[in-house]
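The values are calculated or read from the model by the stated rules, or taken from the named source; none is laboratory data. Because the structure is a prediction, the values reported are computed rather than measured. FYI the Cβ positions are ideal-geometry reconstructions off the backbone, even for glycines, and counts take in every protein chain you see. Remember, those area values only see protein heavy atoms, side chains included, never the ligands or the DNA or RNA. Shrake-Rupley method; radii C 1.70, N 1.55, O 1.52, S 1.80 Å.
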Amino acid sequence: MSASFPGARLTVDLGAIARNWRTLAALDPASECAAVVKADAYGLSAAQVIPALRAAGARTFFVAHLSEAEVARAAAPDAVLYVLNGLPPGAADAFAALDARPVLGSTEEVLEWAAFRASSGAPTEAALHLDTGMTRLGLSPDEARAALPRLPFRPALLMSHLACADEPERPETERQRALFAELASLAPDVPASLANSAGTLLGA
């Protein structure tokens, strides 16, 4: 089939996306509701979705890779950008140039980021990912207990990820919440984020 005659057309309702974000943000007005726009906003075009969310009030965005952060930065020059997949070796300069924040998920990444900050003097920010039960990314609880009291920099954010929040009856969510609260108490002045989309619907 000719490229001039595609077999399907995707219509994206940017107004609906903005309304969805506002609905989630309103569930806890005292907290900040960030927007995850990885994988080209899940295939909906980050270049279009991000400005719509920005206009709706979103100020913080998460992407998966630094290349996605380049698109997000162009779409929202003043936004806070986090990159979920961490700090590739030798990439700290690129993060700083883009004003993107890596989500550090290993001791090696923490040490590399700390060394970059010390050598460059740049006031660069990063998040710290704690593995509370997703078993995919992040510092283990023991690593976090050892690292948090003696970090050479203050993280901009502590975060984790709920494994099964879309199944409210599962006990794992409460175990994750309790463990995250314990670990976050080791850095009490740092903002903390645990609830994914499903988690925001579980109540207080």
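Points worth noting:
- Simple rule: put +1 on each Lys or Arg Cβ and -1 on each Asp or Glu Cβ in the stretch 1-150, find the dipole, and look at Ala26, Thr107, His65; the Cα lying farthest toward the positive end is Ala26.
- For the stretch 134-194 and the stretch 96-111, distance of Cα centres in Å: 17 Å
- 222 nm mean residue ellipticity, helices alone, for the chain (DSSP H n ≥ 4; -39,500 (n - 2.57); rounded to 500): -12000 deg cm²/dmol
- Using 0.36 nm per residue and subtracting the Cα-Cα separation, the extra length available between Ala30 and Ala47 on full extension is 3.3 nm.
- Within the stretch 1-75: Cβ-based charge dipole about Cα centre, in debye rounded to nearest 20 (Lys, Arg +1; Asp, Glu -1): 140 debye
- Solvent-accessible area per residue in the chain equals 54 Å², computed with a 1.4 angstrom probe and all protein chains kept.
- Charge dipole (the chain, unit charges on Cβ, about Cα centre) - positive-most of Pro77, Phe95, Leu157: Pro77
- Between 0 and 90 degrees, the angle of helix 172-184 with respect to the longest Cα principal axis of the chain falls at about 60 degrees.
- Reduced Cα scattering model of the stretch 124-204, Debye log10 I(q)/I(0), q = 0.21 Å⁻¹: -0.93
- Recomputing Rg and Dmax of the Cα atoms in Å from the coordinates shown identifies the correct label among (i) 24.6, 75; (ii) 18.0, 60; (iii) 17.3, 67 as (ii).
- Whole-percent carbon and sulfur share, accessible surface of the chain, 1.4 Å: 56 percent
- The stretch 121-204 - charge dipole about Cα centre, Lys and Arg +1 at Cβ, Asp and Glu -1, debye rounded to 20: 240 debye
- q = 0.15, 0.23 Å⁻¹, the stretch 76-125: log10 I(q)/I(0) [Debye, one scatterer per Cα]: -0.35, -0.81
- Dipole magnitude of the chain, debye to nearest 20 (Cβ charges: Lys/Arg +1, Asp/Glu -1, about Cα centre): 400 debye
- Ordering of 129-139, 107-117 by packing [mean C-beta count within 10 Å, highest first]: 129-139, 107-117
- Cα-based helix-to-principal-axis angle, 46-56 vs the chain, degrees rounded to 10: 80 degrees
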